[in-house]
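**Student:** Sharing a structure, written as structure tokens. Questions coming.
The values are calculated or read from the model by the stated rules, or taken from the named source; none is laboratory data. Quantities reported herein were computed from a predicted structural model and do not represent experimental measurements. Backbone-built Cβ (ideal geometry, glycine too); neighbour counts: all protein chains shown.
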Amino acid sequence: MIRHILSIGLIPENSGADYITAGDAEAFGGVEATVVLDDESGELHCLENNCAFPIGDLWSSIATFTRIEAEILTPVLGDAHGLNDTTLATAWAYFMDEIEVIPDNLIQVADEDSGGEFSNPDGGYDGKAYLRYQLDEEGEYYGERIIVFL
């Protein structure tokens with residue numbers, strides 16, 4: 001089974017955290033939504049609110065990103081998440097290596113050697129959203145990258 005896992009989180013203003021660990025939002029006072037895209041079942045599922053829907057040809061339509069934003073991000077992260085269908089689509093394209101240069105509104109802060117953790121120098125990412133991508137193939141994780149939305 002192949003699954004794409006997206007951890008989408010918010011770092012609170014004035015978090016005071018020197019390091020942010022994706023997958024452990026409680027440690028820095030944040031909030032996070034985990035979205036699993038299962039290639040085999042063709043379904044997208046959010047672990048935090050149990051929202052699920054078929055993805056079909058998932059990334060060929062901006063409508064899928066609109067649905068992720070409306071049915072997952074806003075209910076789990078709240079209205080202040082600041083992400084939209086376009087920023088999500090851009091991030092996905094970056095993770096899928098469909099764009100070669102990272103856009104100016106994103107910064108990659110960690111790769112698969114980071115263990116899901118990245119530095120928050122002088123609180124520079126406080127108040128920002130981050131997105132971690134992982135590819136899960138039969139329990140083996142590959143291609144982890146974390147970006148912060150500036």
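**Student:** Here are GLY23, GLY82, GLY30: which of them is closer than 21 Å to GLU117 by Cα, surrounded by fewer than 20 Cβ atoms within 10 Å (Cβ to Cβ) and under 16 Å from the mean Cα position of the chain (by Cα)? Don't jump to the end; show me each part of the working.
**Tutor:** Details: GLY82 fails: closer than 21 Å to GLU117 by Cα; GLY30 fails: surrounded by fewer than 20 Cβ atoms within 10 Å (Cβ to Cβ).
Only one candidate qualifies: GLY23.
**Student:** Out of the range 33-51, which residues are without any contact (Cβ under 8 Å) to a residue 24 or more places away in the chain and either buried (at least 18 other Cβ atoms within 10 Å of the Cβ) or in contact with a strand residue (DSSP E or B) (Cβ under 7 Å, 6 or more places away or on another chain) (or both)? Give the steps one after another, and end with the answer.
**Tutor:** If we filter the range 33-51 for residues that are without any contact (Cβ under 8 Å) to a residue 24 or more places away in the chain, which is where we start, we get 41-43, 45, 47, 50.
Within the range 33-51, GLY42, GLU43, HIS45, LEU47 meet the criteria.
**Student:** If only one of ALA89, ALA93 is assigned to a helix (DSSP H, G or I), touching a Ser or Thr at 6+ places or on another chain (Cβ under 9 Å) and at pLDDT 85 or above, which one is it?
**Tutor:** Selected residue: ALA89, the only one of ALA89, ALA93 that is assigned to a helix (DSSP H, G or I), touching a Ser or Thr at 6+ places or on another chain (Cβ under 9 Å) and at pLDDT 85 or above.
**Student:** Name the single residue, out of those in the range 33-54 being of a type outside the set (A, V, I, L, M) and not in a loop (DSSP other than H, G, I, E, B), that is nearest to the chain's Cα centre (by Cα).
**Tutor:** So the residue we want is THR34.
**Student:** Quick check: is even one residue across the range 44-53 of a type outside the set (Lys, Arg) and in contact with a Pro (Cβ under 6 Å, 6 or more places away or on another chain)?
**Tutor:** Yes.
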